[in-house]
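Chemist: This is the structure, below, for whatever I ask next.
The values are calculated or read from the model by the stated rules, or taken from the named source; none is laboratory data. All of these numbers come straight from a predicted model, not from anything done at the bench. Glycine also receives a Cβ, built like all others from the backbone with ideal geometry; neighbour counts cover every protein chain displayed. These area figures cover heavy atoms from the full protein model, side chains too; ligands, DNA and RNA do not enter into them. Shrake-Rupley method; radii C 1.70, N 1.55, O 1.52, S 1.80 Å.
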Amino acid sequence: MRQSTALERRIDAVAHRLLRNAPERGARANLVEFAVFVLKQAWACVFGAALLAVIVAVRLWYPDEAALARNDFLTIAAVVIQVVMVAARLETGRELWVIVLFHVTGTVMEIFKTDVGSWAYAADGVLRIAGVPLFSGFMYAAVGSYMVRVYRLFDLGFTRYPRRWLTALVAAAIYVNFFTHHFWWDLRWVLLALVIVLWLRTVMYARVWRRVIRMPLLAAFAGVAVFIYLAENIGTWAGAWLYPSQAEGWNPVSITKLVSWFLLMIISVVLVAWVYPPRPPSVEVFAARRGRGQPDQAASSNTGPIPASGPDSGASP
């Protein structure tokens, strides 16, 4: 794994010992691949899952008469989760900087969006900025945490990745549109078309265990957006925030929010790409893709990315 933490290296070593003799074909092999995929995804989501669990627990069990406001409790809990992640070396220093950037970017948007009435938080607690409780920024940080962790856990590689300066321009336009569409034309459909044109030819390679998943990057964006949308429904059900349509009683978040989350994914991807520049699939990833099995650790640790040449060339800076 790229840039793995000390704990992850120990887990990876144990996993290699346990799975070294696992079959390479048949139902058991498929079950092993699926189990590893689920466990890696769960590990990548650990920050967001912990925060969402606290939000649900507060909805179910936090006492109404508590001296500490619910929103303040959520903020303190989010800080504790983040401190534990860093202290236990569950995150690298590079990841922490990305998460801080996501936190700032998200909080700025939250302040604006709540001011124009797009959604609202309970008016309690003192740990807030302009009416926005500070835990809200951690929800964006959770997306950033997932993005940087999944990049290295699955040893992601890309072919035909667009130039990063182009992706940065589109991401900046998306972020600006989240603000300006309240006063000017909403360009989300134009921006969505630009995203499709820009990333249409990009293919992502994700190594699970012995096998490598190959899929269009746009499909991966859409899949993550769906899971964020589901988490948003849980968050609003738990009362962490509410949309105007939910003021009289909870109902599912509008399905149109999927487009917003898809576009937010682009901002997330571009931010992560400036910390982890997209690279072509490594040699061992291509070997696994062609069914040659899992390379041993010594070999894989010395193997670099394949040359970015030919019609299926990789990422460009």
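Chemist: Does segment 103-126 contain at least one residue that is free of Cβ contacts under 8 Å to residues at least 24 places away in the same chain, open to solvent by 60 Å² or more (accessible area, probe 1.4 Å), among the hydrophobic types (A, V, I, L, M, F, W, C) and assigned to a loop (DSSP other than H, G, I, E, B)?
Modeler: Of segment 103-126, the ones free of Cβ contacts under 8 Å to residues at least 24 places away in the same chain are 108, 111, 114-115, 123.
Checking which are open to solvent by 60 Å² or more (accessible area, probe 1.4 Å) leaves us with 108, 115, 123.
Restricting the remaining residues to those that are among the hydrophobic types (A, V, I, L, M, F, W, C) gives 108, 123.
Restricting the remaining residues to those that are assigned to a loop (DSSP other than H, G, I, E, B) gives 123.
So far as segment 103-126 goes, yes, one or more of its residues are free of Cβ contacts under 8 Å to residues at least 24 places away in the same chain, open to solvent by 60 Å² or more (accessible area, probe 1.4 Å), among the hydrophobic types (A, V, I, L, M, F, W, C) and assigned to a loop (DSSP other than H, G, I, E, B).
Chemist: Condition (residue is among the acidic types (Asp, Glu) and over 20 Å from THR105 (Cβ atoms)) applied to segment 231-248: is it met by at least one residue? Write out each step before concluding.
Modeler: If we filter segment 231-248 for residues that are among the acidic types (Asp, Glu), which is where we start, we get 232, 248.
Next, from what is left, pick out any that are over 20 Å from THR105 (Cβ atoms): 248.
Checked against the condition, which is being among the acidic types (Asp, Glu) and over 20 Å from THR105 (Cβ atoms), segment 231-248 yields at least one hit.
Chemist: Name the residue, out of PHE221, PHE227, that is open to solvent by less than 40 Å² (accessible area, probe 1.4 Å), over 26 Å from ALA123 (Cβ atoms) and in a helix (DSSP H, G or I). Give the derivation first.
Modeler: On the way: PHE227 fails: open to solvent by less than 40 Å² (accessible area, probe 1.4 Å).
The match here is PHE221.
Chemist: Here is a follow-up. Considering only residues of segment 148-181 that are closer than 21 Å to VAL104 by Cβ and at pLDDT below 90, which is surrounded by the fewest Cβ atoms within 10 Å (Cβ to Cβ)? Show your work before the answer.
Modeler: To start, the set of residues in segment 148-181 that are closer than 21 Å to VAL104 by Cβ comprises 148-149, 151, 164, 167-180.
From what's left, at pLDDT below 90: 148-149, 151.
Values: VAL148: 25, ARG149: 28, TYR151: 23.
The residue in question is TYR151.
Chemist: Looking only at segment 90-103, filter to residues that are of a type in the set (A, V, I, L, M) and within 15 Å of ALA171 (Cβ to Cβ); which one of those is nearest to the chain's Cα centre (by Cα)? Break it down stepwise before answering.
Modeler: Residues of segment 90-103 of a type in the set (A, V, I, L, M): 90, 96, 98-101.
Remaining after also requiring within 15 Å of ALA171 (Cβ to Cβ): 98, 101.
Values: VAL98: 11, LEU101: 13 Å.
That would be VAL98.
Chemist: Something else: Among the numbered criteria (1) free of Cβ contacts under 8 Å to residues at least 60 places away in the same chain; (2) outside any helix (DSSP H, G or I), which one does PRO277 miss?
Modeler: Only one criterion in (1) free of Cβ contacts under 8 Å to residues at least 60 places away in the same chain; (2) outside any helix (DSSP H, G or I) is unmet by PRO277, namely (1).
Chemist: A further question follows. All but one of (1) open to solvent by less than 30 Å² (accessible area, probe 1.4 Å); (2) among the aliphatic types (A, V, I, L, M); (3) in a helix (DSSP H, G or I); (4) farther than 30 Å from ASN30 by Cα hold for ALA240; state the number of the condition that does not hold.
Modeler: With (1) open to solvent by less than 30 Å² (accessible area, probe 1.4 Å); (2) among the aliphatic types (A, V, I, L, M); (3) in a helix (DSSP H, G or I); (4) farther than 30 Å from ASN30 by Cα applied to ALA240, the lone miss is (3).
Chemist: If we only count helices (runs of 4 or more DSSP H) wholly inside segment 131-204, which ones have 1 or more residues that are closer than 19 Å to ALA273 by Cα and out of contact with any helix residue (DSSP H, G or I) (no Cβ under 9 Å at 6 or more places or on another chain)?
Modeler: Working: elements: 135-153, 164-180, 188-199.
Counting at least 1 such residues, we get 164-180, 188-199.
Chemist: Evaluate segment 61-70: report whether one residue or more is under 24 Å from the mean Cα position of the chain (by Cα) and at pLDDT 85 or above.
Modeler: Within segment 61-70, not a single residue is under 24 Å from the mean Cα position of the chain (by Cα) and at pLDDT 85 or above.
Chemist: Select from segment 49-67 the residues that are outside any helix (DSSP H, G or I) and open to solvent by 70 Å² or more (accessible area, probe 1.4 Å) and write down the one among them that is nearest to GLU95 (Cα to Cα).
Modeler: Going through segment 49-67, the residues outside any helix (DSSP H, G or I) turn out to be 62-67.
Now narrow it down to the ones that are open to solvent by 70 Å² or more (accessible area, probe 1.4 Å): 64-65, 67.
Details: ASP64: 36, GLU65: 38, ALA67: 35 Å.
Among those residues, the one meeting the criterion is ALA67.
Chemist: While we're here: Cβ contacts < 7 Å: first residue over 21 Å from GLU8 (Cα atoms) and modelled with pLDDT of 90 or more, restricted to segment 77-91; second residue in a helix (DSSP H, G or I) and not aromatic (Phe, Trp, Tyr), any location; separation 6+ or different chain. Result?
Modeler: From residues that are over 21 Å from GLU8 (Cα atoms) and modelled with pLDDT of 90 or more, the pairs are ALA77/VAL54; ALA78/LEU51.
Chemist: Quick test for you: out of ASN233, ASN177, pick the one residue that is polar (S, T, N, Q) and over 19 Å from the mean Cα position of the chain (by Cα).
Modeler: On the way: ASN233 fails: over 19 Å from the mean Cα position of the chain (by Cα).
The unique qualifying residue is ASN177.
Chemist: If a residue has to be touching a residue at least 40 places away in the same chain (Cβ under 8 Å), open to solvent by less than 60 Å² (accessible area, probe 1.4 Å) and in a helix (DSSP H, G or I) to count, how many in segment 27-48 make the cut?
Modeler: 10
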